[in-house]
Amino acid sequence: MSSLTEKDRPIVQLLLSTGTCPRCVLRFCCVGSQLLYRHPHQDLMKDLQEFLKNSQEKEDTVCLDAADPPCKRIRLEHSREEGADDLNLNGAVPQLPSAGRGNTAMESSAGKVCNVCLGILQEFCEADFVKKVCQKVNTADYQFTSFVFSVSLPPQLSVRERAAWLGVKQQIRNLGLPLAKDDIVQLKEAYKWIIHPQLSEELGVPADGKSLFEVSVVFAHPETDEECHFLATACPDCFKPAKNKQSVFTRMAVIKALERIKEEDFLKHFPCPPSSPKNLCDALEIQCNNGAVFVAGRYNKYSRNLPQTPWIIDGERKLESSVEELISEHLMAEFKADSFNFSSSGREDVDVRTLGNGRPFAMELVNPHRIHFTAEEMKRLQQAINDSSDKIQVRDLQLVTREAIGRMKEGEEEKTKTYSALIWTDKAIQREDIAFLDDIKELKLDQKTPLRVLHRRPLAVRCRLIHTMKSEYIDEHHFRLHLKTQAGTYIKEFVHGDFGRTKPNIGSLLNRTADILELDVESVDVDWPPTLAD
């Protein structure tokens with residue numbers, strides 16, 4: 001049971017007489033009933049009018065039946081300044097209408113744009129606006145089973161709330177009445193109480209604060225945009241330019257300044273109560289956004305002329321495609337996403353094949369319109385990727401969580417990788433010349449950043465391990481070497497030495513010049529993502 005009592009009468013009278021809407025009046029009276037805010041605007045006006053008419057009787061109250069869930073509130077006073085109690089509001093104290101002049105108060109507020117919420121708790125709570133939002137959602141054609149609603153408010157609303165509250169506080173004290181509370185129901189909270197049930201009914205899904213599907217509305221009020229500017233003079237430290245912000249007058253910056261500014265300084269620059277605007281807020285943007293979806297799998301690369309990611313140097317594309325693009329074009333089309341981010345457990349050079357069970361990869365699909373796929377649909381998507389190119393193949397394609405991708409990244413440096421290298425030597429070799437390599441275990445390397453990657457990697461000496469080697473003689477100048485190494489080992493440099501930057505190397509071990517002709521990744525020992533049945 002939520003009610004207005006006799007002690008609320010001066011607040012109701014003052015706010016209505018200065019052009020405040022009924023729902024904002026309820027906010028300033030700290031009414032926490034969600035159902036009450038959902039009553040039609042006209043009914044609330046009538047209820048408040050009836051309350052003022054009957055308020056001359058001491059114990060008389062108007063009670064409106066509704067549930068009383070806990071409400072969130074915003075503090076409007078953070079400190080009380082000495083002498084502020086005796087301040088006049090810009091030199092004039094609004095006259096409080098008597099109880100018998102309730103109709104006058106109603107006439108002042110009726111039909112006007114609210115001087116506090118700038119119309120957000122008026123026109124933008126009506127069915128027509130709700131239908132406009134839902135039409136935008138339905139036209140965007142997203143898959144979703146719930147939604148979260150967010151709203152961006154003009155920062156000057158915080159200034160107007162402060163001004164209205166200071167007006168209430170001053171009037172109550174002038175009447176010699178006690179001020180029992182110094183907080184109000186947040187505008188955003190009250191708005192969501194009203195709008196959530198309507199959106200939920202129209203969209204046919206529940207509102208859920210943890211939903212990945214977001215419906216957002218951005219409000220602006222150009223007529224009052226400059227009302228925050230005086231705060232920049234009073235509290236310059238609160239307003240600092242940011243790269244991703246168009247204006248320094250953000251909501252958080254304004255709130256921070258309002259916490260710091262003294263009451264008397266605020267009252268010198270801003271009218272209390274705030275004046276009624278001519279125009280309503282504008283709903284600048286109504287946007288929808290789905291949370292990212294993550295797809296993982298393993299890929300094999302069979303081409304020695306295919307980079308993992310687009311190969312672009314100084315703005316010029318070197319090769320026509322990449323592993324990333326061959327996979328992403330199908331995922332982007334099926335998930336109807338805006339963009340993607342590709343990641344993998346390590347990477348191979350453009351001329352290196354990836355064989356065996358393939359290399360684990362994951363793709364983040366940003367703002368996907370489609371999010372629900374059965375296991376059978378994922379299999380068909382995998383087959384479509386594999387049928388589109390003979391350069392790559394994908395396996396174990398599946399939907400995963402953001403958290404699961406961390407397991408792939410953890411394995412990059414911790415796990416082992418197996419390679420097969422075709423090696424050439426300048427001097428002739430016999431089987432016995434390379435046989436000793438098979439007996440070497442846990443060979444420690446010092447690898448200075450290779451010359452070929454120095455343009456994108458910091459200069460450092462990295463210690464790496466060659467766990468095992470197995471040689472396979474081919475002819476006097478060629479042999480194949482199978483290696484199991486620590487992740488992150490530069491194999492090409494281990495073979496040719498990179499002008500002495502990797503020590504020891506195959507050339508120094510054989511005491512002759514060695515070079516690598518072909519390199520294959522035979523396995524990436526990261527046990528992720530889970531293997532799927534064919």
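The values are calculated or read from the model by the stated rules, or taken from the named source; none is laboratory data. As the structure is a computational prediction, the values presented were derived from the model and not from experiment. In this analysis, Cβ positions are derived from the backbone assuming ideal geometry, glycine residues included, and neighbour counts consider all displayed protein chains. Keep in mind that these areas ignore ligands, DNA and RNA; they rest on the heavy atoms of the full protein, side chains included. Shrake-Rupley method; radii C 1.70, N 1.55, O 1.52, S 1.80 Å.
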So how many residues does region 323-359 have that are in contact with a strand residue (DSSP E or B) (Cβ under 7 Å, 6 or more places away or on another chain) and of a type in the set (K, R)?
2
Filter result for the condition that a residue is more than 22 Å from D534 (Cα to Cα), of a type in the set (A, V, I, L, M, F, W, C), surrounded by 12 or more Cβ atoms within 10 Å (Cβ to Cβ) and not assigned by the TED database to the domain that holds T489, over I385, I405:
I405
All but one of (1) touching a His at 6+ places or on another chain (Cβ under 7 Å); (2) open to solvent by less than 30 Å² (accessible area, probe 1.4 Å) hold for F335; state the number of the condition that does not hold.
(1)
On the given criteria, is R9 out of contact with any His (no Cβ under 7 Å at 6 or more places or on another chain), modelled with pLDDT of 95 or more, closer than 29 Å to I255 by Cα and assigned to a helix (DSSP H, G or I)?
no
Consider A333 carefully, then state whether it is of a type in the set (G, A, S) and in contact (Cβ under 8 Å) with a residue 24 or more places away in the chain.
no
Can you confirm whether I261 is free of Cβ contacts under 8 Å to residues at least 60 places away in the same chain, crowded, with 17+ Cβ neighbours inside 10 Å and out of contact with any Gly (no Cβ under 7 Å at 6 or more places or on another chain)?
yes
Select, from K448, K417, the only residue that is open to solvent by less than 50 Å² (accessible area, probe 1.4 Å) and either free of Cβ contacts under 8 Å to residues at least 40 places away in the same chain or not hydrophobic (A, V, I, L, M, F, W, C) (or both).
K417
Is it the case that some residue within region 458-472 is assigned to a loop (DSSP other than H, G, I, E, B) and either of a type in the set (K, R) or surrounded by 14 or more Cβ atoms within 10 Å (Cβ to Cβ) (or both)?
no
Would you please name the residue that is most open to solvent (accessible area, probe 1.4 Å), looking only at residues in region 308-327 that are of a type in the set (V, I, T) and at pLDDT 90 or above?
T309
Considering (1) within 47 Å of the chain's Cα centre (by Cα); (2) in contact (Cβ under 8 Å) with a residue 24 or more places away in the chain; (3) outside any strand (DSSP E or B), say which one R512 fails and leave the rest.
(1)
Per the list (1) part of a loop (DSSP other than H, G, I, E, B); (2) assigned by the TED database to the domain that holds H372; (3) of a type in the set (A, V, I, L, M); (4) open to solvent by 40 Å² or more (accessible area, probe 1.4 Å), residue check on L280 breaks on (2)
Which members of region 490-511 meet the condition of being of a type in the set (S, T, N, Q) and open to solvent by 10 Å² or more (accessible area, probe 1.4 Å)?
N505, S508, N511
Can you pull out the residues in region 192-216 that are surrounded by 16 or more Cβ atoms within 10 Å (Cβ to Cβ) and in contact with a helix residue (DSSP H, G or I) (Cβ under 7 Å, 6 or more places away or on another chain)?
W193, I194, I195, Q198, L199, E202, L203, A207, V215
Can you tell me how many residues within region 387-429 are within 33 Å of the chain's Cα centre (by Cα) and not in a strand (DSSP E or B)?
15
